[in-house]
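Derivation of every value follows stated rules applied to the coordinates shown; laboratory data play no part. Please read all numbers here as calculations on a predicted model, not as lab measurements. Cβ atoms come from the backbone with ideal geometry, glycine included; neighbour counts cover every protein chain shown.
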Ligand SMILES: [Zn+2]
C-alpha cells in the first residue's frame, strides 16, 4: 500500500513538474480577443492601447472595418511563440530567427511580449515606441489582408510575398525616408532584383516590396489597391493592374527616381 501511495505521489508530482506552466487569460475587446499570461498582467493595458491604435489605423487606411473578429496572443517568450508556429505551420522542427517577433493571418496575431524584445530579439527594441506601433500595425494589416484573401493564412499563395509584405510594410508606415533612400541608391547602382519574386529577400526587402505597393497606391489609387487583396497569385494581381511584370517594374523605377 505504501509503495502504491508513493507511486501515486511521484506520478502526481511528475504531472505537475511537466505540465506547461502557462495559463492563458483572455479579455474580450472590440474586434479582437486578447490572450496573455500572468507575465504580462502588468503590460496588458499598454498592449491593448497599442493594438487599439493599430486597429483604428488599419480601418482608416482602407476606410473599412475588419471583416471578422480575431485573436491576439502575447507570448511570454520565444519558446512559446515557436511552439505555436510549429503547430500552426505544421513544422515540428521550426525554430524562429532572432529577428522574428510576430505574425498575422486572418484569424489571429501572435507576438512575443514586446517588453522582452531586448532579450528575445536581435533586431527590435521595445523602447522604440513608434517602431513598435508600426510593427503591430504591420501584423494587423496581415490580419485584414488574410480576412479578404483566397488563402486566409497565406499558406496557398503563388509568388505574392512582395505584395503581402509590401502592403504591410508600406501601409504600416515602416517604409520611412531612410528605407526609400536605400532603394533609390540601389537603383542608381543597378543592384535591384529583376523579378518581383526576389523583392522580399535581402536587406532591402521592406523598402523594395513596400515601395512597389506605394507605387500601386499612388498611381492606381486606394480603391484599386484594396481590390487586389483577394488574390493569392501574382498573375491575378498583374492582370487586375493591366500590365506585365516588366512594365510594372519599369514604371516603379521611374516613380522611385523622379
Ligand atoms: Zn509581415
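Computed over every Cα-Cα pair of the range 154-208 and binned at 5 Å starting from 0, the pair-distance distribution P(r) comes out as 4, 21, 28, 25, 15, 5, 2, 0 percent. Simple spin-label estimate for residue 150 and residue 203 gives 3.7 nm between the two label positions (7 Å along the Cα-to-Cβ direction from each Cα).
Cβ-to-Cβ counts within 10 Å put 170, 206 in ascending order as 206, 170, the fewest first.
Residues of the range 134-159 falling in the label zone of residue 195, defined by backbone nitrogen less than 16 Å from a point 7 Å along Cα to beta-carbon, are 158-159.
Counting only the Cα atoms, the range 161-257 fills a convex hull of 86 Å³ per residue. Counted by neighbouring Cβ atoms within 10 Å, the residues 247, 120, 240 run from fewest to most as 247, 240, 120.
A simple spin-label model places pseudo-atoms 7 Å from Cα toward Cβ; at residue 46 and residue 69 they are separated by 2.8 nm. Take the Cα of residue 98, step 7 Å toward its Cβ, do the same at residue 244, and the gap between the two points is 4.5 nm.
Annotation: extensible slack from residue 127 through residue 53 equals 24.9 nm (criterion: 0.36 nm per residue apart, minus Cα-Cα distance). For the chain, the relative contact order is 15 percent, taking Cα pairs closer than 8 Å that sit 6 or more residues apart in sequence and dividing their mean separation by the residue count.
What separates the Cα centres of the range 112-168 and the range 69-92 is a distance of 14 Å. With 0.36 nm allotted per residue and the present C-alpha distance subtracted, the residue 188-residue 158 stretch has 7.8 nm of extension available. So what is the diffusion coefficient of the chain in µm² per second by Stokes-Einstein at 25 °C and 0.890 mPa s, using a Kirkwood Rh over Cα pairs? Rounded to a whole number, D works out at 123 µm²/s. Sorting the Cα pairs of the range 25-148 by distance into bins of 5 Å, from 0 upward, gives 2, 11, 22, 25, 21, 13, 5, 0, 0 percent per bin. Every helix of 4 or more DSSP H residues in the chain counts as -39500 (n - 2.57), and over all residues that averages to -16500 deg cm²/dmol at 222 nm.
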